[in-house]
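*Asks:* I'd like to ask some things about the structure below.
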Amino acid sequence: MTEKTLAKTLQLGAVRQIGMVVRDLEKSMVNYQRSFGVGPFAVFHFRPEKSYVRGRDGKIALKIGIAPLTPELSLELIEVEEGQPFHLDFLKANGEGVQHLGFVCNDYERVLSQAESMNIPVLMSAETFVEGMGHVRGAYLDTLDLAGVLFEVIEIRPVAGA
């Protein structure tokens, strides 16, 4: 199954984010700005209220830098600050690089149900309020063997005043 076929089967829509795991966020942002003109980056600390790693409660903290590549597509650089999210496994196995493609979806529960019916496990999920965005839920699907990259399913529900 190709990446495109898998995304279509899951009804994910267009890719909205390219997610890369890095060891040093500050250094990586400078490199992307100097080398490719990508930026400016918005930086935030992601410490979700609820998070699960491989189905278990797991406290995580990520430092994330996001910059637009086009009006519809952003680059997300991720540095692990705390916990044992699978991002560390990725770094150990592959070094820095593209870890996931993110899809903002309108029916989060349906996508997760469809993935489950296809025997695609959720590696990590998180839920929290993000200033300026609203209530955000995200889940990383274990699509690496199927598509060569993980898929992240993202739901954003704007909240009044967010």
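*Asks:* Not counting the cut sites, what is the longest span of the chain without GluC sites (Glu not before Pro) that DSSP labels loop and that have at most 11 other Cβ atoms within 10 Å?
*Replies:* Formally, the longest exposed-site-free interval is 73-130.
*Asks:* To the nearest 20 debye, what is the magnitude of the charge dipole of the chain about its Cα centre, counting +1 on the Cβ of each Lys and Arg and -1 on the Cβ of each Asp and Glu?
*Replies:* 100 debye
*Asks:* Which residues in region 83-115 place their backbone N less than 17 Å from a point set 7 Å from the Cα of D24 along the Cα-to-Cβ direction?
*Replies:* Label zone hits: 95-97.
*Asks:* Continuing with this model, one more query. Sort L91, L150 so the one with the fewest other Cβ atoms within 10 Å of its own Cβ comes first.
*Replies:* The fewest-first ordering by Cβ neighbours comes to L91, L150.
*Asks:* Percent relative contact order of region 3-157, based on C-alpha pairs within less than 8 angstrom and at least six residues apart?
*Replies:* This gives 27 percent for region 3-157.
*Asks:* Counting other beta carbons within 10 Å of each Cβ, put D142, D57, D107 in order, fewest first.
*Replies:* By the 10 Å Cβ count, ascending, the order reads D57, D107, D142.
*Asks:* Separate question: Skipping prolines and chain starts, which residues have an amide H placed within reach, meaning under 5 Å, of the one on Q99, given they are 5 or more residues away or on another chain?
*Replies:* Here G19, M20, V21 satisfy the definition.
*Asks:* Right, here's the next one. In region 58-162, what chymotrypsin sites (Phe, Trp or Tyr not before Pro) fall in a loop by DSSP, with at most 12 other Cβ atoms inside 10 Å?
*Replies:* In loop regions of region 58-162 (DSSP not H, G, I, E or B), there are no sparsely surrounded chymotrypsin sites (Phe, Trp or Tyr not before Pro).
*Asks:* Sticking with this structure for a sec: Of all the stretches in the chain, which is the longest one without any exposed loop site, taking trypsin sites (Lys or Arg not before Pro) in a DSSP loop (any state but H, G, I, E, B) with at most 15 other Cβ atoms within 10 Å?
*Replies:* Maximal segment without exposed cleavage sites: 60-162.
*Asks:* Given (i) 15.1, 44; (ii) 32.5, 111; (iii) 16.1, 60, which label gives Rg and Dmax of the Cα atoms in Å as computed from the coordinates?
*Replies:* Answer by label: (i).
*Asks:* Tell me, V122, V21 in order of fewest to most beta-carbon neighbours within 10 Å?
*Replies:* Result, fewest neighbours first: V122, V21.
Any read-out appearing in this document is the output of simple, stated calculations on the displayed coordinates, not a laboratory observation. Bear in mind the structure is a predicted one, so any value in this text is a computation, not a measurement. Note that we place each Cβ from the backbone using ideal geometry, even for glycine, and neighbour counts take in every protein chain shown.
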